[in-house]
Amino acid sequence: MSPDIPSDSVFSLLTMKSPAAKGSFDNHGFILVKQFLSVEELGKVGRVIRDGRVLERFGYGIPDEEGKMPRMALWNTPGSDVTGMVCRSEKVVDTAELLLEGEVYHYHSKLVVKEPFIGGKQEWHQDYGYWYMNTLLTPDALSIFIPLDRCTRSNGCLQVIAGSQKCGRIDHVSRGGQTGAELGRVEEIKQDERFQHLYVEMEAGDALFFHSNVLHASDANTSPQIRRALILAYNRDVNSAPSPHKAGHHPMYSRIEKVPDTAILSCANFTDFSGKEFLDPKVDKTVKAEK
């Protein structure tokens, strides 16, 4: 863990649903939960990626300004495979509902991969900078970043600006194949002593819950180590798009069927992705993707 991370933002499975966790989320815009997924749970997620050939079948690249590409596969519905059990697990959903103060639904999830030496950077952005365009009227949403491999500065760990959710939504513009926050405003925020630019180095299985208005980015992978991560997104039930026509390429509200945490290890579905609704990047107007 990076020494930069405020100690009052770090929690365990036993303390992540505490009032202190909620207070830290409101203050910093995120909480870091150590060992959120066990070694055994990580192994089952990895088997889905390998046996289900997720990236080969559903993946696409999003080039940065230098032409390097992080690759991803995105799905709108949890499904019944192991990754679906993670998305629907009580430890995920209950914590999201505590932090957002009400019922949430699964907005989408994705696998993001930065290959050694060629995995590109992710521009500074806010998730709500994108989701605003899908007519979410308020930023009452969050994401959960779960690395499947150790995340370090050299392989492109997540970076955040602590407290930046308090700045409101920032204008976003196209750069390379990505859409990022207006860099002049990002630099102004980074130079203000009220906010901290942090490198969030994480172990495999840790989880970072962060608000949809938190500015975040990641550098290119310049190391020989791969960097894979699951990113799960949840929206408040009352914040669903007003109509399917305006919802864009992500779903409107649908009640999530929560499962006990034990369902992750008991699930034996590694390859059946029925109903998972993988995204065709051609319909995502916020990126210029390459298959």
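Some values worked out for this structure:
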read-out	value
Amide hydrogen neighbours beyond the local backbone of VAL104, cut-off 5 Å, H modeled	ASP237
Value of [θ]222 nm, deg cm²/dmol, for the chain, DSSP H segments ≥ 4, -39500 (n - 2.57) each, nearest 500	-6000 deg cm²/dmol
The chain: most fluctuating residue of VAL92, VAL39, VAL160 per GNM, C-alpha cutoff 10 Å	VAL39
Gaussian network model of the chain, springs between alpha carbon atoms under 10 Å - residue of ASN269, ASN155, ASN213 with greatest fluctuation	ASN269
Accessible area expressed per residue, the chain, with surrounding protein chains retained (probe 1.4 Å, Å²)	42 Å²
For the range 1-119, share of DSSP beta bridges that run antiparallel, in % to the nearest 5	80 percent
Note, ³J(HN,Hα) from phi for the range 74-83, Karplus 6.51, -1.76, 1.60, rounded to Hz, x at Gly and Pro	10, 9, 8, 10, x, x, 10, 7, 4, 5
Residue of ALA233, ALA217, ALA20 that the Gaussian network model of the chain assigns the largest fluctuation, springs spanning Cα pairs under 10 Å	ALA20
Point-charge dipole on Cβ atoms (K/R +1, D/E -1) for the chain, about Cα centre, debye to 20	560 debye
Antiparallel bridges, percent of DSSP beta bridges restricted to the chain (to nearest 5)	95 percent
With every protein chain in place, the chain: carbon and sulfur % of accessible area (1.4 Å)	51 percent
Rg to Rh, two decimals, where the chain supplies the alpha carbon set and Rh follows Kirkwood	0.92
Whole-Hz couplings from phi, Karplus 6.51/-1.76/1.60, listed for the range 222-239; x for Gly and Pro	9, 10, x, 9, 5, 10, 10, 8, 8, 10, 9, 10, 10, 10, 5, 4, 7, 9
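The values are calculated or read from the model by the stated rules, or taken from the named source; none is laboratory data. All values derive from a computational prediction rather than experimental measurement. Heads up, the Cβs are rebuilt from the backbone with ideal geometry, glycines too, and the neighbour counts pull from every protein chain shown. All accessible areas refer to the heavy atoms of the entire protein, side chains included, with ligands and DNA or RNA removed. Shrake-Rupley method; radii C 1.70, N 1.55, O 1.52, S 1.80 Å.
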